[in-house]
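Asks: This is the structure, below, for whatever I ask next.
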Amino acid sequence: MMSIVHRAAEASELHLAAPLPRRWRHVQGVAAKARTLVPIVGTDGDLLVAAAWLHDIGYAPGIVDTGFHSLDGARWLRNAGFGLRLASLVAHHSCASYEAEERGLAAVLTAEFPMEESATSDSLWYADMTTGPDGNDVSPGDRLAEIRRRYGPNHLVTRFWHRAEPALMEAVDRTEARMRAQPM
């Protein structure tokens, strides 16, 4: 039987590598970063790494439905049998609830996928927020600045990141505190 991490990596590569190569590089970097965080999430290590592989699968052609990648990806994962917890981590990664509000999908997101507040969800957000679009390591501040440049000042993505920044930084801070407390 294939492990959840192997299955996640294969699904992500299949759906992202050819059509969205830059997104694929980002995902590979997020998964690599997540692997370094396994010691701080205990028995959720495989879940964290699988979620990292799959966090942006909702951008893939053929999976896009609403245009809200977190929701589209989570629905696809649930339907593909990846389990509700993994789908929910993807649904809510990196403050997706703020984007859901901007898109008028907050009630749908929360009705379908419970939000988890844990070392695992914080670690996924941390891995995403410290990995640039090409898979390189970046500071959270540089990542947010790059997103703002890419989308422009009036785009809904820029608006949601502006509102989400304090919560994102709290997750980053909690993860960094866990890293300092845990020999890695």
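Asks: Name every residue in segment 119-156 that is of a type in the set (S, T, N, Q) and surrounded by 14 or more Cβ atoms within 10 Å (Cβ to Cβ), in order of residue number. Explain how you work it out, then say what you get.
Replies: Within segment 119-156, the first condition is being of a type in the set (S, T, N, Q), and the residues that meet it are 120-121, 123, 130-131, 136, 139, 154.
Within segment 119-156, THR120, SER121, SER123, THR130, THR131 meet the criteria.
Asks: Being out of contact with any Leu (no Cβ under 6 Å at 6 or more places or on another chain) and among the small types (Gly, Ala, Ser) is the filter; apply it to segment 92-115 and report the residue that is farthest from HIS155 (Cα to Cα).
Replies: Result: ALA111.
Asks: For residues that are under 14 Å from GLU176 (Cα atoms) and either in contact with a Pro (Cβ under 7 Å, 6 or more places away or on another chain) or without any contact (Cβ under 8 Å) to a residue 60 or more places away in the chain (or both), tally how many sit in segment 114-128.
Replies: 3
Asks: Given (1) aliphatic (A, V, I, L, M); (2) out of contact with any helix residue (DSSP H, G or I) (no Cβ under 6 Å at 6 or more places or on another chain); (3) crowded, with 21+ Cβ neighbours inside 10 Å, where does ALA91 come up short, assuming only one miss?
Replies: The number of the failed condition is (2).
Asks: Tell me, please, whether a residue that is under 19 Å from ALA50 (Cα atoms) and of a type in the set (Ser, Thr, Tyr) can be found in segment 135-158.
Replies: Among the residues of segment 135-158, not one is under 19 Å from ALA50 (Cα atoms) and of a type in the set (Ser, Thr, Tyr), which makes the answer no.
Read-outs: derived from the displayed coordinates by stated rules, not from any lab. Remember, predicted model here, so these are calculated numbers, not experimental data. No Cβ is skipped: glycine too gets one built from the backbone with ideal geometry, and neighbour counts run over all protein chains shown.
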